[in-house]
1. Which residues does the label zone of residue 48 cover in the range 66-89, counting backbone N under 19 Å from a point 7 Å along Cα→Cβ?
2. Quick one: how many lysine pairs does the chain have with C-alpha atoms less than 21 Å apart and a gap of 8 or more or different chains? Give me the count, please.
3. How large is the charge dipole for the chain, taken about the Cα centre, if only the Cβ atoms of Lys, Arg (+1) and Asp, Glu (-1) carry charge, to the nearest 20 debye?
4. I'd like the distance separating the alpha-carbon centroids of the range 47-76 and the range 84-145, in whole Å.
5. Report, in degrees rounded to the nearest 10, the 0 to 90 angle that the Cα long axis of helix 69-79 makes with the longest principal axis of the chain.
6. Can you tell me, using C-alpha contacts under 8 Å and at least 6 residues apart, the relative contact order of the range 150-206 as a whole percent?
7. Looking at the range 55-112, which GluC sites (Glu not before Pro) are in a loop (DSSP not H, G, I, E or B) and have at most 12 other Cβ atoms within 10 Å?
8. Would you please classify the overall shape of the range 3-139 from the alpha carbon gyration tensor, given that a ≥ b ≥ c denote the square roots of the eigenvalues, rounded means a/c under 1.5, and beyond that prolate means a/b larger than b/c while oblate covers the rest?
Amino acid sequence: MTESQIPGTVHVVEDDPVLADALCLLLMSRGLSAVAFPSGEAFLAAVDADWPAGPACVLMDVRMKELSGIEAFDRLRARKPSLPAPVIFLTGHGDITMAVDAVKNGAFDFFEKPFNDNRLVDRVMQAMAESRSRLEHDDSSGRIRNRLDRLTAREKDVMELILKGRLNKIIADELGISMRTVEVHRSNVFSKMGVRSAVELARLLENLDD
């Protein structure tokens with residue numbers, strides 16, 4: 001099963017069991033998988049233990065006992081800065097300022113209670129699409145890094161100079177090797193990286209910085 005075929009999972013972090021159950025039922029009625037956590041601590045423990053494969057997002061209440069949603073979000077970012085799961089906050093009127101600040105710091109969105117069910121689900125779907133996009137980018141970056149790992153040290157030296165626009169003769173002079181050896185290394189670099197030109201190579205490696 002590919003990433004695009006794995007059903008999305010919404011992690012509902014809500015200490016009100018009635019609201020948590022209602023949210024899970026709402027999300028499941030729209031074809032999403034939903035799992036509830038009664039506290040920020042329980043959610044973070046699950047993140048540390050075993051994060052599921054596939055797209056996901058987090059629906060988190062701002063105001064919870066012991067550990068607030070904002071504190072849980074801050075700890076989540078510190079522990080899993082590359083976690084591909086957008087966070088949507090649920091907030092009361094008095095917590096809007098905190099929720100806005102959280103969005104500025106990387107949260108996906110926030111909804112003030114009481115919220116419109118359809119609008120919330122639509123936004124969750126958008127968050128899931130964003131999660132899938134992040135996963136695809138991570139997967140692409142992983143494949144590129146695997147290709148880079150196949151290069152020898154000398155091939156990496158040659159590749160670096162190719163990316164700087166050096167001609168074969170200049171590369172040979174700088175590395176103290178023959179032009180024929182440069183040509184062999186250049187061919188190996190293109191073959192292992194799955195490209196046909198220096199331009200394609202540069203474009204491929206740009207994906208690691210996006």
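1. 66-84
2. Working: 65/113; 80/104; 104/113; 156/164; 156/169; 156/192; 164/192.
Lysine pairs meeting the criterion: 7.
3. Working: 27 positive and 33 negative charges, 247 e Å.
Around 1180 debye, computed over the chain.
4. Comparing the Cα centres of the range 47-76 and the range 84-145, I get a distance of 12 Å.
5. Roughly 20 degrees, rounded to the nearest 10.
6. Details: 36 pairs, mean separation 21.3, N = 57.
Relative contact order for the range 150-206 comes out at 37 percent.
7. Numbers: sites: 66, 71, 112; in loops: 66.
Of the GluC sites (Glu not before Pro), the ones in loops of the range 55-112 whose Cβ has at most 12 other Cβ atoms within 10 Å are 66.
8. Details: a/c = 1.39, a/b = 1.18, b/c = 1.18.
In terms of gyration-tensor shape, rounded.
Read-outs throughout are calculated quantities, based only on the coordinates presented, and are distinct from any laboratory measurement. Everything numeric here is computed off the predicted structure, so don't read it as measured data. Neighbour counts are summed over all protein chains in view; Cβ atoms, including those assigned to glycine, are modelled from backbone coordinates with ideal geometry.
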